[in-house]
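Please treat every number below as a calculation from the coordinates, not as lab data. The model shown is predicted, which means the values in this text are computed figures rather than measured ones. Here the Cβ positions follow ideal geometry from the backbone for every residue, glycine too, while neighbour counts run over all protein chains shown.
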Amino acid sequence: MSTPPVPFYGELNFASDKSAPDAFAFPFVTCVSSGEPLHLSPHKVQLHDLRKEEQRPSLNVEGFTWQTVPFEGLDGEEGWEERYAKETCEWLKKHAGAKDCKAINYQIRRRVAYGESHQEANYAQDPDQVLGKQPVPAVHVDINRERARVRCLTPYEGDSSAAKAERVAIINVWRPLRGPVMDAPLAVCDARTLDPKDMTRTIDKYGGGYFIEYNANMKWMYVRDQMPDEILVFQQFDSTLIPTVGDAACVAHTAFIDEERKNQGVPRQSIELRCGLVY
């Protein structure tokens with residue numbers, strides 16, 4: 001009889017009241033309801049390794065999936081990003097069963113030592129700041145529903161059929177540029193376990209999204225030692241789904257620091273592609 005695996009726990013930062021234990025300000029983001037800077041509070045949660053799950057999650061059930069999709073020339077010669085975006089959108093269109101899929105934008109992050117404390121690099125006005133974009137160690141959803149449809153259709157400007165589509169969606173594709181990722185993996189939450197009451201609406205220099213309050217009912221997953229040929233694909237918006245408990249309207253996600261391995265291997269480098277899908 002095999003011994004069950006030892007549960008793995010990590011510390012994730014959730015939206016909280018500023019009076020909560022160990023709360024700290026995240027001054028780059030403002031809460032819509034109060035007009036005050038967002039505060040975060042750390043909570044230790046169990047993180048399930050997707051490699052050990054009996055069933056592979058899906059976009060239509062959990063709101064995310066994990067797939068092996070190799071790409072030649074990752075982080076290579078100049079212009080590789082555009083080729084990557086095109087090929088990834090073609091793959092995602094088929095995987096999701098969409099009529100069309102186009103890239104909205106992408107973000108490359110290269111973690112520096114103690115980079116989790118350098119969030120000013122993510123919100124700086126100066127794009128040439130020495131510090132590069134860092135992993136975001138806070139549980140969030142990228143975009144609110146009011147902005148999402150317009151954002152999704154940005155790459156379809158002038159396409160009247162896309163503008164009239166009943167169903168559109170925003171899906172993110174996250175991939176390491178180097179591997180294995182040991183220091184700062186990406187964690188995703190099973191969308192069925194996200195209660196909309198825990199979604200704090202926020203605004204920042206990029207627009208508006210949600211940061212998420214802690215709830216013990218959430219189920220968190222990640223891919224241990226994720227490699228560059230492996231992608232996490234997760235939903236941020238679907239026009240046909242209203243956020244209620246039990247649907248897969250959006251997936252909360254966050255970087256987290258693996259304290260036991262944060263100084264092992266190569267510091268995390270990743271590309272996150274945001275895609276607009278028309279069904």
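Kindly flag which residue pairs out of 133/197; 197/219; 205/262; 52/93; 18/219; 102/164 have an alpha-carbon separation exceeding 19 Å in this structure. The partial results should precede the final answer.
Details: 133/197 30 Å; 197/219 16 Å; 205/262 29 Å; 52/93 27 Å; 18/219 25 Å; 102/164 16 Å.
Beyond 19 Å between Cα atoms: 133/197; 205/262; 52/93; 18/219.
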Unpartnered Cys in the chain, judged by a 4.7 Å Cβ-Cβ cut-off, are 31, 152, 189, 250, 275
Within a 10 angstrom radius of the beta carbon, how do 227, 221 rank from fewest other beta carbons to most? 227, 221
For the chain, what does the helix formula give at 222 nm: sum of -39500 (n - 2.57) over DSSP H segments with n ≥ 4, over the residue count, nearest 500 deg cm²/dmol? -3000 deg cm²/dmol
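Explain nothing, just the number: dipole magnitude of region 9-278 about its Cα centre with +1 on each Lys and Arg Cβ and -1 on each Asp and Glu Cβ, in debye rounded to the nearest 20.
Details: 33 positive and 41 negative charges, 96 e Å.
Dipole magnitude for region 9-278 comes out near 460 debye.
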Please give the FRET efficiency for residue 18 paired with residue 51, using the beta carbon to beta carbon distance and R0 = 35 Å, rounded to the nearest 0.05. 0.40
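Please give the length that would be gained between residue 9 and residue 205 if that part of the chain were fully extended, namely 0.36 nm times their separation in residues minus their C-alpha to C-alpha distance (nm, one decimal).
Details: separation 196, 0.36 × 196 = 70.56 nm, distance 3.22 nm.
So the chain would gain 67.3 nm between residue 9 and residue 205.
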When ranked by the protection proxy of mean other Cβ atoms within 10 Å per residue, highest first, what sequence do the peptides 264-271, 186-193, 20-27, 105-112 form? 186-193, 264-271, 105-112, 20-27
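Would you please give the FRET efficiency between residue 87 and residue 164, computed as 1/(1 + (r/R0)^6) with r the Cβ-Cβ distance and R0 = 25 Å, to the nearest 0.05? Walk me through the intermediate numbers first.
Working: r = 28 Å, r/R0 = 1.11.
E between residue 87 and residue 164, to the nearest 0.05, is 0.35.
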Assuming a ≥ b ≥ c are the square roots of the Cα gyration tensor eigenvalues, decide whether region 9-278 counts as rounded (a/c under 1.5), prolate (otherwise, with a/b larger than b/c) or oblate. rounded
Taking the Cα centre of the chain as the origin and placing charges on Cβ (Lys, Arg +1; Asp, Glu -1), which of 96, 223, 266 is farthest toward the positive end of the dipole? 96
